[in-house]
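The values are calculated or read from the model by the stated rules, or taken from the named source; none is laboratory data. Computed from a predicted structure; not experimentally measured. Cβ sites come from the backbone with ideal geometry, for glycine too, and all protein chains shown count toward neighbours. Accessible surface areas use protein heavy atoms only, side chains included; no ligands, DNA or RNA. Shrake-Rupley method; radii C 1.70, N 1.55, O 1.52, S 1.80 Å.
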Amino acid sequence: MSDSGTVIESVLQERRKFPPPEKFAAAAHIKSFDEYKKLYAEAAKDPEAFWATIAEKELTWFRKWDRVLEWDVPFAKWFVGGTLNVSYNCLDRHLDGWRRNKAALIWEGEPGDRRTLTYHELHREVCRAANVLKALGVKKGDRVGLYMPLVPELAIAMLACTRIGATHSIVFGGFSAEAVRDRMNDAQAKLVITADGGYRRGGTVALKDAVDQAMTECPSVEHVLVVKRTGQDVRWTEGRDRWWHDEVAKVDSKCEAEPVDSEHPLFILYTSGTTGRPKGVVHTTGGYLTHVTYSSKLVFDLKDTDTYWCTADIGWVTGHSYVVYGPLANGATSVMYEGAPNTPQPDRFWEIVARYGVTILYTAPTLIRTVIKWGAQWPEKHDLSSLRLLGTVGEPINPEAWMWYHGKIGGERCPIVDTWWQTETGGIMISPLPGATPTKPGSGTLPLPGIFPDVVDREGNSVGPNQGGLLVVRKPWPGMLRTIYGDPDRYVKQYWSELPGNYFTGDGARRDEDGYYWVMGRIDDVVNVSGHRLGTMEVESALVAHRSVAEAAVVDRPDELKGQALAAFVTLEGGYQASEDLKKELRDHVAKEIGAFAKPDDIRFTDALPKTRSGKIMRRLLRDIAAGRDSAGDTTTLEDYTVLARLRESEE
Ligand code: WTA
């Protein structure tokens, strides 16, 4: 929680409005604002009937459910008694008709190598990989860790897990060995799938090396399956380590999809919370797949003629839901690109859009801001006329970046869907429907039919138009997280105790006079750096773990490119001297403990931190200092006033 009284203040005023282009609307799944409103009202009248109709229409079930929803607040079960299989829905059911030979994945590696997998080919590869998992002793219900570059084998491995009912836990390839170790231990993974390395910004990332380090303290892991990607040297532990290419050659390409219960855990994905330890967010099968299939179709207006590209890494939830599961369940063509947007030069994304004729592009505001900095000459070099729809996710987009995206990338003809959601929500919650909803730059606009958010004060009362408040969700929805892995109490405490009966998002928001949502960011100690959610506590714990650090407080400050940057205030143990070398050492230390993306941008050494009399660090003051603002806020609870003056003097 923020330590100031008001929840959040709203300062943004944006009046521009863009109706959906007529031609786009005429061909869209949802063709008008009236149609959207009708659908929303229908869902509001009977949410369970609404979701049941979607689950029935969009997915193939082996056994139909007995009950749509069991809601034992805050524990939900959707489509109770139903059985299905995710890989069957993403693959097998497309093989009967012409989609058999349609591209499921179009992949490009950073060095320029390319692979296209049709639905038929992807199905074969997934069946083989599933047989390998079985041969290595993985059974239904076991957890499998994936720590991989963005190569087709990552999607294949995910689908192979779902095929046999194993639960995957993906760790983003930018995380460190320590993060891999902690996540594998928390989930008690039986198998880890990795690669020798991956390509990034012209260099390679030594993934196998990190896994080797992690494995010295992961007793539950029996085997490590290694995809050969870069060909770099790796250490080898006989018996434990297996090459992917050797193992798939030993098995056949037939593997029946295992029917699993609708509530069978599909995956665990770790995300930052307000206390140090990452939370293993658990998503299950039937409800999640219903939500991502439906939202992919409506928000991206997916058609069989589309070439759809979501630029997210699969290590984050966006990649799970909108690179792999949502698009493939819809039988779409999904583009995957392994590397950086400026390798070999800053037009790589636009080259890819032009090469494959990408029609739908879904990316992050931080990428857009970076592209703006590189200059319009890079997109201008390429023919982007295939694009018909643009999307953003991960953080609020500032209206000027929205306008640039609209003009320079969308040629003023493409609607933009600004999609608000979270790891916990599983799928998109608030977003325009591109053929229906007039957009306003910077607003996620309105909730999807079947989703019931609200903006409330601390007592849970809805606040009036244009008043800031807490963003909550009033009713359960199919894609919602079910629990925190191994810690149901934390699930209840984190999400359902702030306002009992309501899902607490941790975001602040306001609704304008049209009912449009404007999400203003986190109100807890979680920051969003380059679209990646980081708990400041985690970075603090990493810093304090260094022998020189006595105490650390990490806050966010505005940053033009990343949206938010991290500023760390550090007090040293006796005997250590502040120095540039030590700053570097601390930044490297955080990179080792968490990952390079979590390195503090600024480190300031100070002899004390501002605290309340009860000993709570006053982060709001630190935030003001980090941003170079005068503190306007209340300092009456400050224990030692001189600390502030001294902090201000501590130059970055
Ligand atoms: C933020 C990513 C404003 C928000 C899918 C949320 C956004 C957190 C938007 C979730 C958006 C995501 N507008 N803010 N369109 N999308 N956020 O779990 O603070 O990595 O709570 O999921 O990102 O981040 P996560």
What number does the stretch 311-398 give for Rg over Rh if you use C-alpha atoms and the Kirkwood radius? 0.95
When every protein chain stays in place and a 1.4 Å probe is rolled, 599, 45, 134 sorted by accessible area with the largest first are 45, 134, 599
With both bridge residues required to lie in the chain, what share of the DSSP beta bridges run antiparallel, to the nearest 5%? 60 percent
Summing -39500 (n - 2.57) over every DSSP H run of at least 4 in the chain, dividing by its residue total and rounding to the nearest 500, the 222 nm mean residue ellipticity is -8500 deg cm²/dmol
FRET efficiency, residue 44 to residue 238 (Cβ-Cβ, R0 35 Å, nearest 0.05): 0.05
Cα Rg, Dmax (largest Cα-Cα span) when computed across the stretch 1-159, Å: 22.1, 60
Would you mind classifying the stretch 530-649 by shape? Square roots of the alpha carbon gyration tensor eigenvalues, ordered a ≥ b ≥ c; an a/c under 1.5 is rounded, otherwise it is prolate if a/b is larger than b/c and oblate if not. oblate
In Å and on Cα atoms, what radius of gyration and Dmax does the stretch 165-253 show? 13.0, 37
Expressed in Å to one decimal, the Kirkwood Rh of the chain from all distinct alpha-carbon pairs is 25.4 Å
Applying 1/(1 + (r/R0)^6) with R0 = 25 Å to the Cβ-Cβ distance of residue 596 and residue 256, what FRET efficiency is obtained, to the nearest 0.05? 0.05
Once you measure Cβ to Cβ distances between cysteines in the chain, which Cys have no partner under 4.7 Å? 90, 161, 218, 310, 414
Counting only C-alpha contacts under 8 Å and six or more residues apart, can you give the relative contact order of the stretch 27-153 as a whole percent? 13 percent
Pull out a ≥ b ≥ c, the square roots of the eigenvalues of the alpha-carbon gyration tensor of the stretch 449-588, then state rounded if a/c is under 1.5, prolate if not and a/b is larger than b/c, and oblate in the remaining case. prolate
Protection proxy (average C-beta count within 10 Å per residue), highest first, orders 153-162, 261-270, 558-567 as 153-162, 261-270, 558-567
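In percent, what relative contact order does the chain have, based on Cα pairs under 8 Å that are 6 or more apart in sequence? Don't skip to the end; give the middle numbers.
Working: 1431 pairs, mean separation 95.3, N = 652.
In percent, rounded to a whole number, it is 15.
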Over all directions, the stretch 16-60 yields a Cα convex hull whose mean projected area in nm² is 4.4 nm²
Please report Rg over Rh for the stretch 269-357, where both radii come from the alpha carbon positions and Rh follows the Kirkwood definition. 1.05
For peptides 135-145, 568-578, 375-385, sequence by mean Cβ density within 10 Å, most packed first: 135-145, 568-578, 375-385
Based on the alpha carbons, how large is the Rg to Rh ratio for the stretch 366-475 when Rh follows Kirkwood? 1.04
